Amino acid sequence: MKEKPLMAPLPIERDLRLDLFRGLALWLIFLDHIPSNAVSWITIRNYGFSDATEIFVFISGYTAAFVYGRAMQATGFIVATARVLKRAWQIYVAHIFLFAIYLAEIAYVASSFDNPLFTEEMGVLDFMKNPDVTILQAMLLKFKPVNMDVLPLYIVLLLWFSPILWLLLRSPSLGLLASAGLYTLMWQFEWNFAAYPSGNWVFNPYAWQLLFVFGAWCALGGAQRLARWINSPVLVGLAAAYLVFAFSIAMTWYFPRLGAFVPKFVGEAIYPIDKTNLDVLRILHFLSLAVITVWFVPRDWSLLKSRICWPAIVCGQNSLGVFCLGVFLSFAAHFVFTEVSNRVLTHVIVSIAGIAIMVGAAALISWYRIIERQGPGPRPPATKTGYAEGSA
Amino acid sequence: MTGRLASLLAVLVLATQVQAGPALADHAADCRLGELQIDRNFPLPQVARALAAKQLSILVIGAGSSLLPGTSGAANAYPARLQHALAEKLPGVEVKLATDVKAKHSAAEMVKSLAPALSSAKPALVIWQTGTVDAMQGIDQDQFSQALDKGINIARSAGADVVFINPQYSPRTESMIALGTYAENMRWVAVQKEVLLFDRFSIMKLWSDLGTFDFYSATKKLDIAESVHDCIGRLLAGLVIEAAKPSEPQAEGGR
């Protein structure tokens, strides 16, 4: 049976649900990145196998295909590739910018903190002794400080995205199959990118590309194909059952005595749940969440255009800026905890303030985009696909 | 991850009392709250046998966080405090303790020197502190858990029980050392190999939340560090003794 090429991602208006959930994912990533944050117990990673990273990567793949897929159809492979690479470059610059902030924080701690109890831990600052090597390795994306692993992953995913997109536009199934094949080979041969000073990338690009490409596949018509399945009560039931299973396993992490109720063979089958290589259990958990979400939140959900959802949506629409700000804010929040106060109330206030700042910044970026589009100036007005910049 | 909830509860329950005034002179009572974070889910048969024979020999292997600086560092670090506490609680039992502790040693490096250390100390119990250095160096997760596995096997075949000690809670460096997956790996290996895990991270986190100790303060003084090590030594002693009791019920025993 020959596949009909799904050349046209339908010229429909942007699915606000994507922005909503990407915005929420950005908030959750911010909360999770603050070490020992009391508020982070609300985030989804505590109640199942997957976390906000899966949501972020999937939706990023979806929007990248939505935006650059159109561009590739309208302007051809070369131009679309150039735009994808430009985007990768922007993300690279953002990553280096964050690294500079990280260096400043490290330098401050190195010069201000001393405690004989933590002599060993302070050794983490030793890399400051040869900054030439460290900074070079950081620019090569090999040296990545804690919690700065997502952007390098994103860069790599974009670097090889345009051939994948080209394939997906011609034969969606083949594109998805190629991605799944790479994922399988990764498990078979234990492929990963090397990190500095030792070890591998925390988010293995060979593994995480699967979710990115799956997102892209959904954007290019896969979602419609799946619609019949997604809306079947049987699948929704299965997804719900899996979420309950994951939830009960997660509870044994907090109440180890419950662990006695987990049969040994189950434990042996599921652990360790590998985040680096995007464990199948994590994928299933994400898919289950997605199925349940789509079931409860239809595309034309009335609240999507309401004020309640606006803060998350505006963050989701400006994800790169908001993501970087979130990483910076989580550094800053940790700084507040160590320098000012570490009470639970402080955690709550700092967490809420951080999200408020993210929303404010996102609104500002949106506003800039509007005035730049309207205003007379040296730049020609952006085309409709230029809207992509903030979203892929 | 485990115990975050427990510590939150403990904070909620105890916050009012603790804030009444900082305990300065004697940390012993506050220290004991750390027991909330200790699970005695596996027995220590070799230790039980050694206790019956009135002779307990222990080998502590670890890295920098098993050491204290200074001339009396060795006497005040938790291995010596553990020996002291055990001798106190076990009258009539001869408690010997050897250490193989080197700063900046990863789990795999410790495993390398494990066999000779075992053959010279002949311990009934190996206490193994690790994880921090591996996290700092970003050692591959598989290699880390394989090293743990191997170490347990070597210790067991030499006739010793094993207790893990996970990394310290170090709030100042928390945003720079990703302990998370290493701590989870340790927990997982411990469960799989039925090894006791002394959850030093959660214990210290609880102390920090309760205000028992201030881990944020910059100081060159050793007093807090010494108290912490003393507390850890005592809690370890309690764990070893309780877990070695015959047919200790798995659910919470009386304290």
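The values are calculated or read from the model by the stated rules, or taken from the named source; none is laboratory data. All figures in this text were calculated on a predicted structure; none of them were measured in a lab. Positions of Cβ are backbone-derived with ideal geometry, glycine not excepted, and every protein chain shown enters the neighbour counts. When the accessible area is computed, the model is the full protein with side chains, heavy atoms only, and any ligands, DNA or RNA have been set aside. Shrake-Rupley method; radii C 1.70, N 1.55, O 1.52, S 1.80 Å.
Go through region A:107-145 and flag every residue whose accessible area shrinks by 50 Å² or more with all protein chains in place compared to the isolated chain (probe 1.4 Å).
Those residues are A:Phe113, A:Asp114, A:Pro116, A:Leu117, A:Phe118, A:Glu120, A:Glu121, A:Val124.
Determine, from the Cβ-Cβ distance of A:Lys264 and B:Arg156 and an R0 of 25 Å, the FRET efficiency 1/(1 + (r/R0)^6), rounded to the nearest 0.05.
E(calc), rounded to 0.05, equals 0.85.
Just check region A:1-159 against the gyration tensor rule for me: Cα atoms, a ≥ b ≥ c as the square roots of the eigenvalues, rounded for a/c under 1.5, and otherwise prolate or oblate depending on whether a/b exceeds b/c.
oblate
Could you work out the mean count of beta carbons from other protein chains within 10 Å of each residue's beta carbon in B:175-185? Please list the in-between numbers first.
Details: counts 18, 14, 6, 7, 3, 4, 5, 0, 0, 5, 2.
Counting Cβ atoms of other protein chains within 10 Å of each residue's Cβ and averaging gives 6.
So what is the relative contact order for chain A, in percent, with contacts set as C-alpha pairs under 8 Å and at least six apart? Could the numbers behind the result be given before it?
On the way: 440 pairs, mean separation 120.7, N = 392.
Worked out over chain A, it gives 31 percent.
Below 8 Å between Cα atoms, with a sequence gap of 6+, how large is the relative contact order for chain B in percent? Walk me through the intermediate numbers first.
Working: 388 pairs, mean separation 77.4, N = 255.
Once divided by the residue count of chain B, the mean separation gives 30 percent.
Which of the residues in region A:184-206 lose at least 10 Å² of accessible area when you go from the chain alone to all protein chains together (probe 1.4 Å)?
SASA drop of 10 Å² or more in region A:184-206: A:Glu190, A:Pro197, A:Ser198, A:Gly199, A:Asn200.
What does the charge count near B:Met136 come to, summing +1 for each Lys or Arg and -1 for each Asp or Glu among other residues with Cβ under 11 Å from its Cβ?
Details: positive: B:Lys104; negative: A:Glu120, A:Glu121, A:Asp126, B:Asp134.
In short, -3.
Local charge sum around B:Lys54 (other residues, Cβ-Cβ under 13 Å, Lys/Arg +1, Asp/Glu -1)?
Net local charge, B:Lys54 excluded: +1.
5 Å is the cut-off here: which amide hydrogens, built 1.01 Å from N in the peptide plane, fall below it relative to B:Leu125, excluding neighbours closer than 5 in sequence?
B:Ser57, B:Leu59, B:Asp161
For A:Arg369, A:Arg228, B:Arg156, give me the order by solvent-accessible area with a 1.4 Å probe, most accessible first, ignoring ligands, DNA and RNA.
On the way: A:Arg369 50, A:Arg228 180, B:Arg156 100 Å².
Most to least solvent-accessible, the answer reads A:Arg228, B:Arg156, A:Arg369.
Ignoring ligands, DNA and RNA, what percent of the 1.4 Å accessible area of chain A is carbon and sulfur? Please list the in-between numbers first.
Values: 13090 of 18230 Å².
Answer for chain A is 72 percent, counting heavy atoms of protein chains only.
What accessible area per residue comes out for the protein assembly as shown, rounded to a whole number of Å², with a 1.4 Å probe? Could you put the intermediate results ahead of the total?
Details: 28960 Å² over 647 residues.
On a per-residue basis, 45 Å².
State, as an integer percentage, the relative contact order of region A:172-273 based on alpha-carbon contacts under 8 Å between residues 6 or more apart. Display every interim value, and only then the final one.
Working: 45 pairs, mean separation 19.8, N = 102.
This gives 19 percent for region A:172-273.
Roughly how much of A:Tyr92 is accessible, in Å² to the nearest 10, using a 1.4 Å probe?
In the full protein context, A:Tyr92 sits at about 50 Å².
Taking a probe of 1.4 angstrom, what is the accessible area of B:Glu174 in Å², to the nearest 10?
Roll a 1.4 Å probe over it and B:Glu174 shows about 30 Å².
At a 10 angstrom cut-off on C-beta neighbours, averaged per residue, how do the peptides B:124-132, B:232-240, A:40-48 rank from highest to lowest? Intermediate results must be reported in sequence, preceding the final value.
Working: B:124-132: 26.6, B:232-240: 23.4, A:40-48: 17.8.
Listed from highest to lowest mean packing, they are B:124-132, B:232-240, A:40-48.
How many angstrom lie between the C-alpha centres of region A:60-125 and region A:269-312?
Each part reduced to its Cα centre gives a spacing of 24 Å.
Sort B:Arg172, A:Arg83 from largest to smallest accessible area, using a 1.4 Å probe on the heavy atoms of the protein chains. Show your work: numbers first, answer last.
Numbers: B:Arg172 25, A:Arg83 55 Å².
Highest to lowest solvent-accessible surface, that is A:Arg83, B:Arg172.
Sort A:Lys129, B:Lys150, A:Lys144 from largest to smallest accessible area, using a 1.4 Å probe on the heavy atoms of the protein chains. Write out the running numbers ahead of the final one.
Details: A:Lys129 155, B:Lys150 120, A:Lys144 30 Å².
Result, largest first: A:Lys129, B:Lys150, A:Lys144.
Tell me the accessible surface of A:Phe77 in square angstrom (1.4 angstrom probe, heavy atoms of protein chains only), to the nearest ten.
80 Å²
Along the charge dipole of the protein assembly as shown, which of A:Pro298, A:Ala361, A:Asn130 sits closest to the positive end, that is, farthest toward it, with unit charges on the beta carbon of Lys, Arg, Asp and Glu (+1, +1, -1, -1)?
The residue sitting most towards the positive pole is A:Pro298.
Ignoring ligands, DNA and RNA and using a 1.4 Å probe, state the total buried accessible area between B and A in Å², rounded to the nearest 100. Walk me through the numbers before you get to the answer.
Numbers: alone 12800 and 20430 Å², together 28960 Å².
The B and A chains share an interface burying roughly 4300 Å².
Could you work out the helix-only [θ] at 222 nm for the protein assembly as shown, with each DSSP H run of four or more residues adding -39,500 (n - 2.57) and the total divided by the number of residues, to the nearest 500 deg cm²/dmol?
Working: 28 runs with 384 residues, N = 647.
Here the helix-only value at 222 nm equals -19000 deg cm²/dmol.
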